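Engineer: Pasting a structure below so you can have a look.
No lab work stands behind these numbers, since they all come straight from the coordinates. Being a predicted model, the structure only gives us computed values, none of them experimental. Quick reminder, even Gly has a Cβ in these numbers, built from the backbone with ideal geometry, and neighbours come from all protein chains shown.
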Amino acid sequence: MTIDPLFDLTGKIALITGGSRGLGLRMVKAFAERGADVIIASRKLDACEAVAEEVRALGRRALAVSVHAGRWDDLDRLVEVAYAEFGRVDILVNNAGMSPRVPSHEVTESLFDSVMNLNFKGPFRLASQVAKRMHDGDGGVIINISSSGALVPLPQVITYGGAKAALNAMTVSLAHEYGPKVRVNTISPGPFLTDIAKAWTEEARQTSDNALGRPGRPEEIVTAALYLASPASSFTTASLVRVDGGQH
């Protein structure tokens, strides 16, 4: 494909958690198609390896790493492996997350901790460790994948919404702490027709309570991710980009 010079990622190293499926998979492919070498991290190594083979078929280097994105030891290992293999990370996407819908009075301490760990505690650890290395090196870009649930809180996902709201605040703090060499931004997706949509009702797959009246298609995350990952957004940091169809 012909690469738009605004979105040229040739020679860049991108690390994406939750990169084996859903929106993460779309970003992996989009970055690789535009010249980036990619580190794909998620819990299932075989799924990561399958995606890595697709990236290699594009002529890019790829590394598959099995990681629990809510555990600091796993994330510290991911950082060490990534830097040992590639020497640096230019683009980090904190994409891994989960949002079980449970009545609040039924949320156990274990579930509360699991949601917080995956959606905030882990991303904090990974972003802070990579941001420090970026700051000490040639700089870089961090993109945190949040949720419209942090902006429009919903019932039965309070823990998730709270964790993503914390992620939004973290973006601003890290941008100021490690800028100007490191830019940190948030993408706030609304409902998307990824694999999780298989559990939705047919109505939910067709319509949505937003200005466009529908859920997003997975490929519709790509341009926002490319914008924030590339030099095209060189004056954009500590920002939140909503990709939610105009949710309110």
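Engineer: Going by average Cβ neighbours within 10 Å, how do the peptides 5-12, 123-130, 84-91 rank, with the highest at the top?
Structural biologist: Listed from highest to lowest mean packing, they are 123-130, 84-91, 5-12.
Engineer: How big is the stretch 139-178 by the Kirkwood estimate over distinct Cα pairs, in Å? Before the final figure, lay out the partial values.
Structural biologist: Details: mean 1/r = 0.0922 Å⁻¹.
For the stretch 139-178, inverting the mean 1/r across all distinct Cα pairs yields 10.8 Å.
Engineer: Can you list the lysines whose alpha carbon sits under 26 Å from that of Lys44, skipping same-chain ones fewer than 8 residues off?
Structural biologist: Excluding near neighbours in sequence, the set is Lys12, Lys29, Lys121, Lys164, Lys198.
Engineer: Which one of Gly179, Thr237, Ala165 is farthest out on the positive end of the charge dipole of the stretch 158-248, using unit charges on Cβ (Lys, Arg +1; Asp, Glu -1) and the Cα centre as origin?
Structural biologist: In the stretch 158-248, that residue is Gly179.
Engineer: Then there is this: Percent antiparallel among DSSP beta bridges with both residues in the stretch 118-248, to the nearest 5?
Structural biologist: 10
Engineer: Something else now. How big is the charge dipole of the chain about its Cα centre, in debye rounded to the nearest 20, if each Lys and Arg gets +1 on its Cβ and each Asp and Glu gets -1 on its Cβ? Walk me through the numbers on the way to the answer.
Structural biologist: Numbers: 26 positive and 27 negative charges, 37 e Å.
Its charge dipole is roughly 180 debye.
Engineer: Helix-only mean residue ellipticity at 222 nm, the chain, DSSP H runs n ≥ 4 weighted -39,500 (n - 2.57), per residue, nearest 500. What is it? Walk me through the intermediate numbers first.
Structural biologist: Numbers: 8 runs with 97 residues, N = 248.
About -12000 deg cm²/dmol.
Engineer: Let me ask another. How far is it, in nm, from the label point at Arg43 to the one at Ala199 when both lie 7 Å from their Cα along the line to the Cβ?
Structural biologist: Inter-label distance under the simple model: 1.2 nm.
Engineer: Which peptide among 30-38, 13-21, 239-247 comes first, and what is the full order, when sorted by highest mean count of other Cβ atoms within 10 Å? Before the final figure, lay out the partial values.
Structural biologist: On the way: 30-38: 23.2, 13-21: 26.1, 239-247: 17.9.
So the peptides 30-38, 13-21, 239-247, ranked by packing, come out 13-21, 30-38, 239-247.
Engineer: Additional query: Quick one: Kirkwood hydrodynamic radius for the chain, alpha-carbon pairs, angstrom, one decimal?
Structural biologist: Details: mean 1/r = 0.0554 Å⁻¹.
18.1 Å is the Kirkwood radius here.
Engineer: Oh, and also: Between rounded, prolate and oblate, where does the stretch 104-248 land on the alpha carbon gyration tensor, with a ≥ b ≥ c its root eigenvalues, rounded for a/c under 1.5, else prolate if a/b exceeds b/c? Write down the numbers at each step before the final one.
Structural biologist: Details: a/c = 2.40, a/b = 1.37, b/c = 1.75.
In terms of gyration-tensor shape, oblate.
Engineer: Note down the relative contact order for the chain as a percent, whole number, built from C-alpha pairs under 8 angstrom at least six residues apart.
Structural biologist: Values: 497 pairs, mean separation 46.6, N = 248.
Relative contact order comes out at 19 percent.
Engineer: So for each of 179-190, 203-214 I average, over its residues, the number of other beta carbons within 10 Å; can you give me the resulting order with the highest mean first?
Structural biologist: Details: 179-190: 21.4, 203-214: 13.6.
In decreasing order of mean packing, 179-190, 203-214 become 179-190, 203-214.
Engineer: Right, something else. Taking the alpha-carbon centroid of each part, what is the distance from the stretch 1-55 to the stretch 183-206 in angstrom?
Structural biologist: 19
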